[in-house]
Amino acid sequence: MKVRALDSVNDWTFGRGLQSYKSDLDALNQSIITRLRQWKGNCFFAVNEGVDWNSYLGRGTKKLLDLDIKRVILQTGGVLKISSYESTLDSDTRALSVTTSISTIYGELA
C-alpha cells in the first residue's frame with residue numbers, strides 16, 4: 001500500500017520524491033486516521049464512508065460512537081482486527097480520546 005503523505009496541517013506533500021509518500025504500516029495508519037476524520041455523508045462520491053459524527057454529538061451516545069469508530073477501522077483495507085480499544089469522552093469540552101491496538105497485514109499498529 002502506498003499513499004501520498006500528509007503534512008502537519010493535513011495537506012498532501014509534493015516535491016520531495018519518495019518522501020512524499022508513505023507505504024505499508026505508515027500508509028495504513030494514515031488511512032485509518034483520515035477515514036476517522038471523515039464525516040459520514042460529507043463526500044459526494046462516498047456518502048456512506050466515515051463516522052456519523054452528527055448523530056453522536058448529544059449525550060448518551062458514546063456506545064454508538066464507539067461502535068461506529070470500530071466499524072470504520074475494521075472496514076479499512078489491510079486491517080485484520082482490533083486487538084484493544086479504549087475511548088474517553090469529555091462531554092463538557094466535546095473532546096474524544098481513542099487508544100487502539102490494531103492487527104494489520106503489515107503488523108501491529110498501536
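The values are calculated or read from the model by the stated rules, or taken from the named source; none is laboratory data. Since this is a predicted model, take the numbers as computed values, not measurements. Reconstructed Cβ throughout: ideal geometry from the backbone, glycine too, with neighbour counts over all protein chains shown. Side chains are part of the model used for accessible areas, which takes the heavy atoms of the whole protein and leaves out ligands, DNA and RNA. Shrake-Rupley method; radii C 1.70, N 1.55, O 1.52, S 1.80 Å.
Looking at the range 88-110, which of its residues are surrounded by 10 or more Cβ atoms within 10 Å (Cβ to Cβ), more than 12 Å from the chain's Cα centre (by Cα) and under 18 Å from W39 (Cβ atoms)?
L89, L96
Within the range 11-22, how many residues turn out to be touching a residue at least 12 places away in the same chain (Cβ under 8 Å) and open to solvent by 50 Å² or more (accessible area, probe 1.4 Å)?
Kept after step one, since they are touching a residue at least 12 places away in the same chain (Cβ under 8 Å), are these residues of the range 11-22: 19-22.
If we keep only those that are open to solvent by 50 Å² or more (accessible area, probe 1.4 Å) too, we end up with 19, 21-22.
Total satisfying the criteria: 3.
Any residue in the range 16-33 that is closer than 27 Å to S103 by Cβ and aromatic (F, W, Y)?
Yes.
Among residues belonging to the range 1-10 that are under 23 Å from S101 (Cα atoms) and part of a strand (DSSP E or B), point out the one that is most open to solvent (accessible area, probe 1.4 Å).
Result: K2.
So, in the range 78-87, exactly how many residues are in contact (Cβ under 8 Å) with a residue 24 or more places away in the chain and open to solvent by 50 Å² or more (accessible area, probe 1.4 Å)?
Filtering the range 78-87 for residues in contact (Cβ under 8 Å) with a residue 24 or more places away in the chain gives 78-80, 83, 87.
Filter once more, so that each one left must be open to solvent by 50 Å² or more (accessible area, probe 1.4 Å): 80, 83.
Of the residues in that region, 2 qualify.
It is to be established whether one or more residues within the range 49-58 are at negative phi, among the aliphatic types (A, V, I, L, M) and at pLDDT 90 or above.
Residues of the range 49-58 that are at negative phi, as a first pass: 49, 51-58.
From the residues that got through so far, the ones that are among the aliphatic types (A, V, I, L, M) too are 51, 57.
Restricting the remaining residues to those that are at pLDDT 90 or above gives 51.
Yes: one or more hits.
Among the residues of the range 39-73, count how many are open to solvent by 90 Å² or more (accessible area, probe 1.4 Å), polar (S, T, N, Q) and out of contact with any Gly (no Cβ under 7 Å at 6 or more places or on another chain).
Residues in the range 39-73 being open to solvent by 90 Å² or more (accessible area, probe 1.4 Å), polar (S, T, N, Q) and out of contact with any Gly (no Cβ under 7 Å at 6 or more places or on another chain): 2 in total.
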